[in-house]
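The values are calculated or read from the model by the stated rules, or taken from the named source; none is laboratory data. As the structure is a prediction and not an experimental result, all values here were calculated from the model. Neighbour counts run over all protein chains shown; Cβ positions are idealised from the backbone, glycine included. Remember, those area values only see protein heavy atoms, side chains included, never the ligands or the DNA or RNA. Shrake-Rupley method; radii C 1.70, N 1.55, O 1.52, S 1.80 Å.
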Amino acid sequence: MVQITSVVDYEVQQGVAVLSLDNPPVNALSQGVRQGLKEGVARAMADAAVQAVVIYCRGRTFIAGADITEFASGPAEPGLHQVLEDMDNATKPVIAAIHGTALGGGLETALCCHFRVAVAGAKLGLPEVNLGLLPGAGGTQRLPRVVGVEKALEMVTTGVPISAVEALDAGLVDRIVEGDLLEGALVFAREKVAHGCELKRIRDRDEKLQSARNKPGIFAECRAAIAAKKRGFLAPEYNIRCIEAAVKLPFDEGMKTEGKLFMELMTGPQAAAQQYFFFAERQAAKIPEVPRDTAEIPIEKVGVIGSGTMGGGIAMSMANVGIPVTMVEITSAALERGLGVIRKNYENSARKGRIGEGDVEHRMGLIRGSLDMNDLAQCDLVIEAVFEDMAVKKDIFTRLDAIAKPGAVLASNTSALDINEIAAVTSRPESVIGLHFFSPANVMKLLEVVRGEKTSKEVIKTSMSLARRIRKTAVLVGVCHGFVGNRILFMRQYQAEKLALEGAPVHRIDKLLYDFGFPMGAFQMSDLAGLDIGWNRETSKGATVRERLCEMDRRGQKTGAGFYDYDENRKPTPAPVVQELYAEFATRAGITQREIADEEILERLLLPMINEGAKILDEGVAIRASDIDVVYVYGYGWPVYRGGPMHYANTLGLDRVVEKLRAYQRSGDSDFWEPSRYLVDLAEKGGRFS
Ligand code: 3HC
């Protein structure tokens, strides 16, 4: 065996050269890999004893893409194009042996091989769109020549990889290998040598493009299909343009289009934000004070207290990954209602083909209803999900403390209340933690894990791992009112309300947030959640616009009216009565309503969020700025192509953020606008949130 570079070996096994890559964790195409592939292929071509080449990866996966950490500095020689061109022009059969994931540049490498064999569990895809990019090493030109234009469009615009079995059907994989992959690849290579085979490059194939030329509407259809989901993102459109180029232009011209559009994306702010976010998400899993080898509490049975919207969604999150759940309610009517909603949700998913028919019964079978808290005695984790009332929560935790087995994790799904106060009523505060799911809990990706003063490292580690198991992204935060997400949101809501009082129409405020990239505006969000959260008809004094709306039975989407009027399809239209109410409240408060510029509206909504984020960092409630961004992108719909509030602040420049906060401070509401000391210090040093 010859070591070509520190990460690529070369060995000839009975006439077949095996180039083995070993570049953990994901065999990314770092400089050493590119160099090794280039030299290895050249060596095999020059070696008369070699008749074929197999590219094989050690470790958990085939090449999972270009090395994203190299993007900032620009890649060192040899460039990927150079390496792939040599492979494409190889005069002996080159075979990619794929396990794990062949993604991005990894799949592009495989597309420059003459053949691809894979294990059945492998996945193949071009996920560059998720990094704000497009495949920049020929993927947009080669993939449609292999799988056809429709499939290629789907793969590059969604970024979702396909299974090896689907790839076999699509012609992207030539054989599924049972048993040992390298052995199977060697057998395949020898067969090709023995029977002789035509070494046709993918770039020279045209038949699958031809059929797309007869369907000119294909691109418009694709654009229409992704319009809503990919609103605001540049990369999906750029990917489509590249596939269009593959269909319309000769290969080399198509490559030029791909290269030009790739560079445009790569040097733009969206790609920077999305790549930042890729690492931010992974960073959030790392807790400096909780080392990797911290023991975990095995979670095999989960209890959920409460079968309302949150409790039901949490139970589904567990059942979806096969964890049995006992869901406790007070009355049988509430329990039946809760179980009924879960069943309906699963049946809807089955109808839409998202889960199989059999999954409905299987998952329902994992959720057991009960009216007796004693049934939680054997649970490894119990999550309380009842309404936000400290007295009720304390009562539940006192009882739970007496029932739950020693060592069980006791969690509250509170979205704002003090975890330390809840923990204090138990004899085991080290076992108590906040697990703040977002509604709908079975769908939303974020989990705020709230550590109390006494929460043990084991309980934190267990909670972070559980999040990954139920396919959520967890962010560890500390105790404060509203934790990270809601505390920051309160700032935006406060300003939205003030802006409406000062004369900015509710729908204009919402439209600006929507155009910024949020899925909906502040008032639409309130309507969705319900305006009557915490409202009581008996005690209501009509002291705010919200209270007055509730008194008018405009309690949000569920009553067909709130800040907006809704039609039967829940489509909102601005409600004149809301503007009238704001005008009335403004007069009463002595505020003269005025025309407010878009720029001011947006700044007043977003800058306080950044300022609050800085205060949160100063207090140590979040570990790092990027954790706040993960909370915002996954919990509140902050557009990932703007990275999150803290990354956004970096792009504005922190000195500019401070300057603007001070300018608003001068015009009133001095305490609210006071820039955080942490932010000012950072800005004065010319620093950034990092
Ligand atoms: N470059 C550099 N580092 C990478 C990487 C990449 N392409 N992909 C993953 N990593 C790192 C992660 O940051 C993480 O590092 P850490 O342990 O220090 O946090 C480590 O590898 C493991 O990653 P995950 O935690 O994500 O491991 P999983 O097993 O959950 O997932 C994966 C593995 C599916 C490969 C996932 O990491 C992934 O989706 N990676 C990105 C794939 C991708 O986007 N490829 C395209 C890159 S762009 C490109 O190829 C351009 C080309 O067209 C020219």
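Loop-located GluC sites (Glu not before Pro) across region 539-593 with a Cβ neighbour count of 12 or fewer within 10 Å are 568, with loop assigned by DSSP.
Of the GluC sites (Glu not before Pro) in region 162-266, the ones in a loop by DSSP (not H, G, I, E or B) with at most 11 other beta carbons within 10 Å are 178, 198.
Using the Cβ-Cβ distance between residue 619 and residue 6 with R0 set to 45 Å, the FRET efficiency from 1/(1 + (r/R0)^6) comes to roughly 0.55.
Could you please report the charge total around residue 62, scoring K, R as +1 and D, E as -1 over all other residues with beta-carbon less than 14 angstrom from its beta-carbon? Its environment carries a net charge of +2. Taking only the C-alpha atoms of region 116-157, Rg followed by Dmax gives 10.8, 29 Å. Entry note: region 503-589 has Rg to Rh equal to 0.97, where both radii use alpha-carbon atoms and Rh is the Kirkwood radius. Label-to-label distance, residue 685 versus residue 587, with points set 7 angstrom from Cα along the beta-carbon direction: 5.3 nm.
Could you work out the local net charge near residue 118, counting Lys and Arg as +1, Asp and Glu as -1, over the other residues with Cβ closer than 15 Å to its Cβ? Net of charged neighbours comes to -2. Remark: accessible surface ordering of 53, 119 (largest first) is 119, 53, probe radius 1.4 Å. How large is the translational diffusion coefficient of region 2-266 in µm² per second when you combine the Kirkwood radius over alpha carbon pairs with Stokes-Einstein at 20 °C and 1.002 mPa s? The calculation lands on 117 µm²/s. When peptides 310-321, 81-92, 466-477 are sorted by average Cβ neighbour count within 10 Å, with the highest value leading, the order is 310-321, 466-477, 81-92. Simple spin-label estimate for residue 533 and residue 267 gives 4.5 nm between the two label positions (7 Å along the Cα-to-Cβ direction from each Cα). Rounded to the nearest 5, the antiparallel percentage of DSSP beta bridges internal to the chain is 35%. Taking the average, over residues, of other Cβ atoms within 10 Å as the packing measure, peptides 97-103, 537-543, 407-413 rank 97-103, 407-413, 537-543 from highest down. Scaling against 2.2 N^0.38 Å puts the C-alpha radius of gyration of region 113-240 at 1.18.
Full extension of the chain between residue 296 and residue 45 yields a length gain of 85.2 nm, computed as 0.36 nm times the residue separation minus the alpha carbon distance.
Summarising the amide proton neighbourhood of residue 4: residues at separation of 5 or more, or on other chains, whose placed amide H is nearer than 5 Å comprise 9, 10.
Using the alpha carbons alone, the radius of gyration of the chain stands to its Kirkwood radius in an Rg to Rh ratio of 1.01. Ordering 654-667, 140-153 by mean Cβ neighbour count within 10 Å, with the highest value first, yields 140-153, 654-667.
Placing a label point 7 Å from the Cα of residue 370 along the Cα-to-Cβ line, the residues of region 386-407 whose backbone N sits under 15 Å from it are 399-406. If one computes the Cα centroid of region 377-439 and of region 124-188, what distance in Å separates the two points? Centre-to-centre distance over Cα atoms comes out at 46 Å. For region 302-481, the Kirkwood estimate of the hydrodynamic radius, built from every pair of different alpha carbons, is 16.1 Å. Charge tally for residue 420 (other residues, Cβ to Cβ under 11 Å; Lys, Arg +1; Asp, Glu -1): -1. Beta bridges per DSSP, both residues in region 2-266: antiparallel share near 35 percent. Extension gain, residue 600 to residue 160: 0.36 nm times the residue separation minus the Cα-Cα distance gives 154.5 nm.
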